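This report concerns only the one structure given below.
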Amino acid sequence: MMDLSEQSRRSLLPSFLYSPTSRTSRTLGLEQILGRSIPASAPGGGAPTGSFVIQAPSEPGKIEMYSPMFYAACTAGGIASCGLTHTAVTPLDLVKCNMQIDPSKYKSISSGFGVLLKEQGFRGFFRGWVPTLLGYSAQGACKFGFYEFFKKYYSDIAGPEYAAKYKTLIYLAGSASAEVIADVALCPFEAVKVRVQTQPGFARGLSDGLPRFVRSEGALGLYKGIVPLWGRQIPYTMMKFASFETIVEMVYKYAIPTPKDQCSKPLQLGVSFAGGYIAGVFCAIVSHPADNLVSFLNNAKGATVGDAVKKLGVLGLFTRGLPLRIVMIGTLTGAQWGIYDAFKVMVGLPTTGGVAPAAVPSPELAD
């Protein structure tokens with residue numbers, strides 16, 4: 001029969017960190033992951049001293065929290081969340097990009113839609129939807145999947161007490177780490193998308209736009225905008241995840257008298273959408289200057305950041321296309337969190353966020 005210490009250890013660790021093999025192999029695996037030596041047992045048979053882990057709460061369902069299947073489900077939810085929502089708002093993105101590139105022609109949101117309809121017809125509103133779908137699906141997979149991973153990883157390193165005390169820093173660090181990886185996946189698709197959307201006649205979509213782009217600027221040209229993309233997406237994602245987690249926690253703490261786990265799933269998904277929409281407004285404001293830079297650099301061959309600042313002006317970097325982007329990103333972010341959490345509920349996982357559990361003191365501190 002499994003002793004109490006072993007049961008306690010398994011309740012605190014993701015399932016992929018242990019296996020039915022010997023205690024030695026388990027301990028070795030933990031040493032490799034945590035980067036420190038872990039004694040086989042603590043005095044009195046308690047949990048190992050010096051191990052930094054947080055509880056892995058689990059709801060009854062199909063998938064165990066923090067297992068490989070959990071991260072796979074979060075990755076799949078991220079694909080559905082980001083890929084579908086960004087594709088759905090392609091018309092808004094198209095007008096926004098053209099307002100950033102050619103403000104004399106696309107003077108406002110309404111006139112921008114009018115110009116597109118007149119010159120390209122209704123089909124023109126969805127030009128570039130394929131690189132949008134594929135690029136943001138890849139980005140969403142990495143963004144959400146790695147966020148869940150890094151959030152748990154950094155929490156385990158910090159330990160339960162510090163993880164609870166500095167949870168916002170963990171949200172920020174986890175989301176930033178995830179977005180660095182996600183943007184590497186997104187960048188080539190984003191480069192082709194902007195060129196297709198802002199240069200009529202360049203290409204019909206990804207199939208002809210990608211090879212033409214590579215012929216024109218080389219394969220490395222697909223990553224010309226990676227630094228501005230990081231500049232746009234990393235602050236955006238840090239704000240997106242940290243503010244969402246904080247807003248949702250505050251809603252369950254102050255606005256809803258019922259504990260989260262006793263709320264209905266539709267109510268929880270409504271909180272996810274509302275929290276996501278509010279977070280999206282903050283995201284749009286924080287990341288907008290870099291968004292203008294990404295559009296400018298990907299549209300003009302050989303363009304530099306200095307060229308963008310000179311043409312758009314410092315004020316223009318912060319304001320050009322901002323109202324439309326607030327509407328687009330607010331709706332986008334709210335829908336993303338709604339879809340992501342709906343997918344998690346569908347596979348038997350809890351929705352994201354809520355009142356943080358109290359820190360569990362380590363055995364040596366409890367004595």
R0 of 45 Å, Cβ-Cβ distance SER111-GLU64: FRET efficiency to nearest 0.05: 0.25
Might you tell me the accessible area per residue for region 70-196, computed with a 1.4 Å probe and given in Å²? 37 Å²
Once the piece of chain linking PHE318 and GLN120 is laid out straight, how much longer is it, given 0.36 nm per residue of separation minus the C-alpha distance between them? 68.4 nm
How large is the Rg to Rh ratio of region 211-367 when both quantities use alpha carbon positions and Rh follows Kirkwood? 1.13
Percent of Cα-Cα distances greater than 18 Å, calculated over region 213-288: 55 percent
Burial order of peptide ranges 141-148, 67-74 (average beta-carbon count within 10 Å, highest first): 141-148, 67-74
Residues TYR166 and SER104, FRET efficiency given R0 of 51 Å [Cβ-Cβ distance, rounded to 0.05]: 0.60
With +1 on the Cβ of every Lys and Arg and -1 on the Cβ of every Asp and Glu, the dipole magnitude of region 297-350 about its Cα centre, in debye rounded to the nearest 20, is 260 debye
Straight-line reach from LYS151: which lysines have a Cα under 26 Å away, not including same-chain ones fewer than 8 places off? LYS62, LYS143, LYS165, LYS167, LYS240, LYS253, LYS260, LYS265, LYS344
Sort 115-125, 324-334 for me by packing, meaning the mean count of neighbouring Cβ atoms within 10 Å per residue, highest on top. 324-334, 115-125
Let me know the Rg and Dmax you get for region 141-264 when you use only its Cα atoms, in Å. 19.5, 60
Please sort 208-219, 240-251 by packing, taking for each peptide the average over its residues of neighbouring beta carbons within 10 angstrom, highest first. 240-251, 208-219
Dimensions of region 240-323 along principal axes (Cα, Å, largest first)? 56, 21, 19
Compute the distance in nm between two label points, each set 7 Å from the Cα along the Cα-to-Cβ direction, one at ARG204 and one at LYS310. 3.8 nm
Probe 1.4 Å - accessible area at TYR162, Å² to nearest ten: 120 Å²
Selected from LEU324, VAL345, GLY218, residue furthest toward positive end of dipole (region 215-367; charges at beta carbon): GLY218
P(r) for region 193-243, please, calculated from all Cα pair distances in 10 Å bins and given in %. 23, 39, 26, 12, 0
Among all the lysines, which ones have a C-alpha under 22 Å from LYS107's C-alpha, if same-chain residues fewer than 8 places away are not counted? LYS96, LYS118, LYS193, LYS310, LYS311
Starting from the Cα of TYR223, move 7 Å in the Cα-to-Cβ direction to define the label point; list residues of region 148-189 whose amide nitrogen is under 20 Å from there. 176-189
Net charge around PRO103, counting only other residues with Cβ within less than 13 Å of its Cβ (Lys, Arg = +1; Asp, Glu = -1)? +4
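The values are calculated or read from the model by the stated rules, or taken from the named source; none is laboratory data. What you are looking at is a predicted structure, and each value in this text was computed from that prediction instead of being measured. All Cβ positions, even for glycine, are placed from backbone atoms using ideal geometry, and neighbour counts span all protein chains on display. Remember, those area values only see protein heavy atoms, side chains included, never the ligands or the DNA or RNA. Shrake-Rupley method; radii C 1.70, N 1.55, O 1.52, S 1.80 Å.
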